[in-house]
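What follows is calculated from the coordinates using simple rules that are stated; it is not laboratory data. The shown structure was predicted, so the numbers you read here are calculated from the model rather than taken from an experiment. Note that each Cβ is placed from the backbone with ideal geometry, even for glycine, and that neighbours are counted across all protein chains shown.
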Amino acid sequence: MSAAVHLIPRIDSDRVGAQRPRIERFPPSQTTAGQDFTDLIALTGEKPDDSQQYVLDRAVAERPDGKLSAFEVALIETRQSGKNWILEARMLGGVFLLGERQIIYSAQRFSTVKKAHRSLVNKIRRTPAFFKKVYGYQGQKPADDIKGIKSNGAELSIEFQNGIRIDFFVRSGDNVRGFTGDLIILDEAYDLESEEIAAMMPAMAARTVEGSPQIWYTSSSARAKSDVLRSLRERGKKPWDGTDARLCYLEWSTDEDINSDREDPEVDMDALIEAVYEANPGAGSRISVEYILETEWRAMDHHEFRCERLGIPIPLGSDDFISSTSWTRCRDNELIAAIEEFGGVEQNLRDVRITYDVSPDRSRASIGLSGVRADGRVYAEVIDSGEGVDWVPRGVADIWHARSQLPVLVQMGSAAEDLIPELRRLGVPVREVVLREYAAGCGRMFDAIKDGILAHSEQEQLDSAIRAARPSYKGDTRFIWKRAHALADITPLVTITLAANPALKALSREKNTPDDADERQTTRGGRLVARRPRAQRITTSR
């Protein structure tokens with residue numbers, strides 16, 4: 001079914017999004033340090049929006065004894081809403097106003113953690129009053145190295161002369177359990193698991209006897225598996241009755257009954273515009289409403305748009321096809337640290353395969369690599385990804401000559417097939433992959449991610465492709481990858497699927513599984529059921 005045509009009414013160019021959350025709950029208080037925090041970060045030359053000041057005023061409100069009123073702060077905001085500024089103000093205020101000794105910022109993705117660390121470091125370096133307080137300062141210029149700022153892959157931190165530290169961590173189930181400090185920020189909280197919070201909470205609660213610790217949960221709206229966020233939301237929606245008295249919950253969203261289905265010709269565009277303004281405090285200032293409606297709404301998956309732009313939780317059972325939790329567990333944190341510190345990539349691989357893929361409209365392409373590690377896991381990496389296709393043949397040839405002697409794998413019937421003659425002219429052998437084999441590879445990739453057989457080093461373009469991938473079924477159980485929406489780029493996922501397939505197929509053969517059974521995905525109750533292969537030594541052939 002083709003999308004309905006909707007005419008977008010004229011947008012008021014002077015209007016901005018709602019500066020107050022639709023759902024809020026916060027403890028009673030006597031005073032607030034919010035303005036002090038704002039005055040402090042104003043030294044960097046930045047001033048808050050009204051919504052940002054509102055959040056700070058309530059998050060760092062104080063009781064008569066001087067302690068913070070809120071023990072837990074949940075901030076649920078859509079993208080481009082200014083959340084990062086709020087977190088930076090909170091961390092700087094913790095250092096210079098509250099004297100918090102240990103501050104931890106964590107997120108699910110390494111790229112998010114790195115970006116948060118870099119942004120705060122830049123603010124500190126360009127503000128003399130802050131930079132002079134960093135450990136090791138002896139008159140250095142802002143761009144000079146300084147002992148108190150660690151920016152390598154193994155450690156991201158900022159230490160001050162008084163011993164206060166801000167540590168930045170990529171979050172995993174194991175390290176969350178050990179988080180303790182005066183301020184814990186759990187960014188990208190949509191991926192938190194209740195067991196992680198249950199393990200961390202007792203140690204944090206114990207600090208309330210003498211200190212005034214705080215836990216922040218910051219995120220876009222809940223996804224299908226966001227148990228922690230859903231629980232926080234239910235608590236935040238309850239009428240104030242004196243119980244749960246130390247939760248500050250602030251959510252920008254719109255009514256879940258809003259009809260935002262672009263396929264429905266009866267969509268009320270005026271009502272949708274009102275919903276966008278209500279759910280996005282940055283609308284009209286950080287992001288234009290025209291862009292939201294003309295680009296995001298027309299292109300994004302229905303549930304994704306409601307979650308990311310309207311603040312409406314994704315219904316249970318409607319989440320990404322590939323589990324974000326499973327994908328995160330395939331991440332190799334040691335390799336990420338090595339890449340960040342030394343600029344290297346995984347070198348100790350055997351049976352290395354090179355592949356590439358081109359989007360149907362030839363607007364984007366990616367080159368991928370896969371090989372078998374010494375521990376038996378199959379490693380996958382996107383070597384390059386960019387616009388257009390002219391660069392692809394030479395890029396593939398250079399990588400193939402450097403990394404592999406096995407033929408480059410190319411999916412037949414795709415836009416990638418058109419580049420085969422140029423590859424062969426450059427001396428690169430090519431093996432054509434038919435649809436049936438590619439579909440079997442998609443099933444194996446799904447299984448490998450679910451079972452932790454695959455290893456990756458976290459790449460933003462690959463993470464985006466994982467979130468945007470959906471199954472296009474070719475029969476009852478066999479599927480290939482398709483895009484969740486027109487703006488999505490899944491070429492990175494297609495490349496690693498093709499590249500990893502021979503090794504994953506060899507792994508299934510070591511289990512003595514017949515080929516015809518191996519190429520079939522089983523179902524149970526209408527849902528895809530992944531096989532559970534063992535991680536063993538893998539051998540592949542040309």
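Stretch Asp398-Arg79 to full length: gain in nm at 0.36 nm per residue minus the Cα-Cα span? It would help to have the intermediate numbers written out before the result.
Values: separation 319, 0.36 × 319 = 114.84 nm, distance 3.84 nm.
Gain on extension, Asp398 to Arg79, equals 111.0 nm.
Here the range 156-176 is scanned for amide nitrogen atoms under 16 Å from the site 7 Å beyond the Cα of Gln138 along Cα-to-Cβ, giving 161. In the structure shown, the pairs Lys47/Lys150; Lys123/Lys150; Lys83/Lys147; Lys67/Lys114; Lys67/Lys147 are assessed against 23 Å; a Cα-Cα span above that value is assigned to Lys47/Lys150; Lys83/Lys147; Lys67/Lys114; Lys67/Lys147. With Cα atoms defining each centre, the range 123-192 and the range 245-310 are spaced 34 Å apart in the structure. Using R0 = 22 Å, the C-beta based FRET efficiency linking Asp257 and His302 works out to 0.95. Take the Cα radius of gyration of the range 179-332 and divide it by 2.2 N^0.38 Å, N being the number of residues; the result is 1.20.
Cβ-Cβ distance of Arg235 and Asp145, R₀ of 35 Å, FRET efficiency by 1/(1 + (r/R0)^6): the value works out to about 0.20. Looking at the chain alone, DSSP beta bridges between its own residues are antiparallel in about 55 percent of cases.
What area, in nm² and to one decimal, does the C-alpha convex hull of the chain cast on average over all directions? Spell out each step's value before the answer.
On the way: hull surface 110.1 nm².
Approximately 27.5 nm², given one-decimal rounding.
Applying 1/(1 + (r/R0)^6) with r as the Cβ-Cβ distance of Glu334 and Lys482 and R0 = 35 angstrom yields a FRET efficiency of 0.55. Taking the number of Cβ atoms within 10 Å of each Cβ as an exposure proxy, the fewest-first ranking of Lys450, Lys115 is Lys115, Lys450.
Projecting the Cα atoms of Gly452, Ala402, Ala198 onto the charge dipole of the chain, computed from C-beta unit charges around the Cα centre, puts Ala402 farthest toward the positive end. At 0.36 nm per residue, minus the direct Cα-Cα distance, what do Arg431 and Arg126 gain on full extension? Give it in nm, one decimal, please. Length gained between Arg431 and Arg126: 104.4 nm.
Please arrange Leu487, Leu369, Leu419 by how many other C-beta atoms lie within 10 Å of their C-beta, fewest to most.
Values: Leu487 13, Leu369 25, Leu419 21.
Listed from fewest to most nearby Cβ atoms, that is Leu487, Leu419, Leu369.
Residue order for Asp49, Asp12, fewest other beta carbons within 10 angstrom first, comes to Asp12, Asp49.
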